[in-house]
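J.: Here you go, one structure.
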């Protein structure tokens with residue numbers, strides 16, 4: 001069973017909170033959220049595998065071309081799942097270059113991993129012009145920020161990053177999905193609710209079913 005919680009600005013003050021069951025009623029709600037105007041979406045999850053990320057992306061109406069910046073997975077690890085993705089994807093692999101040198105391919109570039117969000121912006125803008133994607137995915141924001149405990153310096157760096165994305169790209173066709181993996185299920189008390197347009201929480205709840213033979 002998968003659930004999600006969406007937090008998005010409403011027309012009044014504060015935020016509208018939408019909590020739904022993913023399998024029963026979330027599809028229509030999710031499509032409505034995705035069809036609304038948004039520039040930056042924060043997706044919080046508890047350790048999604050890439051095949052589950054593909055499932056999420058396939059539910060986005062009209063996603064277009066995707067540029068996937070991976071700080072956690074190699075292109076070789078995620079490429080087998082491309083056949084299940086409805087959209088065209090171009091990968092920026094920032095993991096393989098830490099292990100060995102590889103040359104770029106038709107659908108992948110190998111880059112050095114950025115050490116901070118300023119370098120992340122430089123990487124985005126470097127490849128954005130050539131790839132011309134509709135959606136840019138950053139996997140994962142947790143490489144730079146811990147929302148359970150964030151310092152003033154890190155908070156300023158984060159909001160500078162988010163403010164730049166909004167001011168630079170809000171009037172363009174480009175949209176940004178920022179993944180944040182909360183593997184340890186920490187309390188996230190410092191979410192940037194004023195820095196992004198939509199926050200989604202994607203939880204995979206796993207359980208064991210004991211099958212018993214009928215008597």
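Only the coordinates and a few stated rules stand behind these numbers; no lab work does. Values in this document were obtained by computation on a predicted structure and should not be read as measured data. All Cβ positions, even for glycine, are placed from backbone atoms using ideal geometry, and neighbour counts span all protein chains on display.
J.: Which FRET efficiency value, to the nearest 0.05, is calculated for residue 82 and residue 194 with the Förster distance at 35 angstrom and r the Cβ-Cβ distance?
T.: In this case the efficiency is close to 0.50.
J.: Separation between the residue 118 and residue 156 pseudo-spin-labels, each 7 Å from Cα along Cα→Cβ, expressed in nm?
T.: 1.1
J.: How many nm is it between the label spots at residue 98 and residue 72, if each spot is 7 Å from the Cα in line with the beta carbon?
T.: Those two pseudo-labels are separated by 1.3 nm.
J.: Next up: Say each of residue 171 and residue 65 gets a label point 7 Å from the Cα, pointing the same way as Cα to Cβ; how far apart are those two points in nm?
T.: 2.3
J.: Still on this structure: What shape does the range 24-158 take by its C-alpha gyration tensor, where a ≥ b ≥ c are the square roots of the eigenvalues and a/c under 1.5 counts as rounded, a/b above b/c as prolate, and the rest as oblate?
T.: Judged from the Cα gyration tensor, the range 24-158 comes out oblate (a/c at least 1.5, b/c at or above a/b).
J.: Between the range 39-62 and the range 70-92, what is the C-alpha centre distance in whole Å?
T.: Centre-to-centre (Cα) distance: 13 Å.
J.: Now for a different question. Relative contact order for the range 41-91: what percent, with Cα pairs under 8 Å and sequence separation of 6 or more? Walk me through the numbers on the way to the answer.
T.: Values: 33 pairs, mean separation 23.7, N = 51.
46 percent.
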